[in-house]
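First comes the structure, then the notes that go with it.
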Amino acid sequence: MDSFLLSELDTENLIRKFLTSKKFTVKERKTPHGVDIEAADRSGTLYFIEVEGNKKPDGRPLTSRQKYTHFLRAIGQICMRMEKDGVYALGLPYDTYYCKYLQKTVKARLLLSLKIIMVYPNEIKIK
């Protein structure tokens, strides 16, 4: 499967819709700062999700360098926010570049217990 383009906002909105369909309670975002998505499952477990896209607001794809920077920044933001108990996740559109860096960070993601929410053209998977 080839990569497909989603802005950060598109990715966030699709993940919010998915979580709502799975009976999560999803908090409304009140400020542009802080965690992108905060949600709770039916058991009350909190989820803190940082989201990135692979497309600029004007529709052009991000460059490899921009994807690299966005990926690392998202991981850093998650680490800085890990003071609350809950599940931490990174939400991304399916992108071969992001997949390459997910493979390179397997050990770190395991140590952080970091979930990945991957948005595909017709489905969303939590890994």
What strands (runs of 3 or more DSSP E), lying completely within region 35-127, carry at least 2 residues that are at pLDDT below 95 and loosely packed, with under 11 Cβ neighbours inside 10 Å?
none
Taking the conditions exactly as written (without any contact (Cβ under 8 Å) to a residue 40 or more places away in the chain and in contact with a strand residue (DSSP E or B) (Cβ under 6 Å, 6 or more places away or on another chain)), does Ala40 satisfy them or not?
yes
All positions within region 1-12 that are under 16 Å from Leu90 (Cα atoms) and open to solvent by less than 80 Å² (accessible area, probe 1.4 Å):
Leu6, Ser7, Glu8, Asp10, Thr11, Glu12
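The values are calculated or read from the model by the stated rules, or taken from the named source; none is laboratory data. This structure is a prediction, so every number in the text was calculated from the model and none was measured. Cβ atoms come from the backbone with ideal geometry, glycine included; neighbour counts cover every protein chain shown. Please note that ligands, DNA and RNA were not included when accessible areas were found on the heavy atoms of the full protein model with its side chains. Shrake-Rupley method; radii C 1.70, N 1.55, O 1.52, S 1.80 Å.
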